[in-house]
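First the structure, in the form of structure tokens, and then the observations on it.
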Amino acid sequence: MAGLKKTIIRTGLETLYFTGMHHLMRPLVGGVGAILTLHHVRPPRADAFQPNRLLEVTPVFLEQLLRRLSRARIDVVSLDEMHRRFISGDFKRRFVCITFDDGYKDLMRWAYPLLKKYQLPFALYIPTSFPDRLGELWWVALEAVIARNSRIGMVINGKDQFFECATVRQKRELYDAVYGYLRSMKTEDELRRTVRDLCACYQVDIASFCRDLCMSWEEIVELAADPLVTIGAHTVNHQMLKKVANDAAVRAEMEMSRSVLEAALGKRPEHLAYPVGDATSAGPREFRIASELGFKTAVTTRPGVLFKAHRDHMTALPRISVNGEFQQQRYLKVLMSGAATAMWNHFRRVDAA
Ligand SMILES: [Zn+2]
């Protein structure tokens, strides 16, 4: 996230918080509940260059969050229970679902003991290529290429271009620029090819990140046995589905990941998360296919709280990202009140287009 954008978000949150406006707005926008998104949970690292830090929170922050949730007049529920409440129109109490994307090892080590301690249900969305050790964590690979070099070359629009990245500031700027360039590509194949080329050029082993960071099948099987845990599908290859041209390929990504998980765990996943999950990665076609495949719910990363009207859009649910750049409880309080996301969404409640 660019520094300026971050500042604007933070200032916006501070303004809402300090004016107490989120309380005033709550009856209007607080909705019936919220789904929280987390990725990594691990102790803070000292590196100055951490472009993916928004994807991690510390165990201390997580524990504060869990303690707050278990004391609040909010039910922390499983995805199945959330689905039941929507279908039966049971909105007596506000609820929160806790979800983790991608299945990182640090969840097992740092988050799971806390979730068990507070006895809170949670869901884990697994892209099956990750435990199969075939996943490409291209955003982590890009970080490594830039972290380990002081100058890198890339072919852009058919031309060799070189970028200085000796200082932390240059690294941050270059990461943001290259990340934006990759995300703007028409297909994910093109994105992956570019990152693979960079890794080959700068001796970064892209396969190592999947091996080192992601849970093994044994660990997933162990977690899945706990009644607190719901395992959801997150496709096979963790591609931005909206960029996949062929409908059948999108369907296969969802269906195959469900079958592989079912074979490994003996239980058919009924919930799905779209990889990356913003409006450029999942749209009406993906929402329709997930619904046709019979998933009870499917989640995006579009920001928002849940309203009764989401009952008719159960495969296009918004989430609240627990962002590592904003690890202060007061920010989370504002986000969960729905005030901030209502402003981002221009007070439109359901965004399923
Ligand atoms: Zn993911």
When you go through 54, 28, 124, 38 one by one, which is the residue that is out of contact with any Lys or Arg (no Cβ under 7 Å at 6 or more places or on another chain), at pLDDT below 85, within 16 Å of the ligand (Cβ to nearest atom) and under 19 Å from residue 318 (Cα atoms)? 54
Those residues of the stretch 83-103 which are away from the ligand (no atom under 16 Å from the Cβ) and either charged (D, E, K, R) or closer than 30 Å to residue 191 by Cα (or both), in sequence order: 84, 85, 90, 92, 93, 94
Residue count for the stretch 305-322, restricted to those that are at pLDDT 95 or above and assigned to a loop (DSSP other than H, G, I, E, B): 3
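Can you tell me which residue among 152, 146 is of a type outside the set (Lys, Arg), surrounded by 18 or more Cβ atoms within 10 Å (Cβ to Cβ) and not in a helix (DSSP H, G or I)? Even if it seems obvious, please write down each step before you answer.
On the way: 146 fails: not in a helix (DSSP H, G or I).
Within the list 152, 146, the selection yields 152.
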Considering only residues that are within 14 Å of the ligand (Cβ to nearest atom), free of Cβ contacts under 8 Å to residues at least 60 places away in the same chain and of a type in the set (A, V, I, L, M, F, W, C), which ones fall in the stretch 230-279? 240, 241, 254, 276
Being in a helix (DSSP H, G or I), within 16 Å of the ligand (Cβ to nearest atom), open to solvent by 10 Å² or more (accessible area, probe 1.4 Å) and of a type in the set (Asp, Glu) narrows it down to one of 80, 132, 106, so name that one. 106
Conditions: (1) on the phi > 0 side of the Ramachandran plot; (2) in contact with a Gly (Cβ under 7 Å, 6 or more places away or on another chain). Residue 203 meets all but one. Number of the miss? (2)
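The values are calculated or read from the model by the stated rules, or taken from the named source; none is laboratory data. Since the model is a prediction, treat every value here as computed from it, not as a measurement. Positions of Cβ are backbone-derived with ideal geometry, glycine not excepted, and every protein chain shown enters the neighbour counts. Each accessible area value is taken on the protein alone, full model and side chains, heavy atoms only, with ligands, DNA and RNA left out. Shrake-Rupley method; radii C 1.70, N 1.55, O 1.52, S 1.80 Å.
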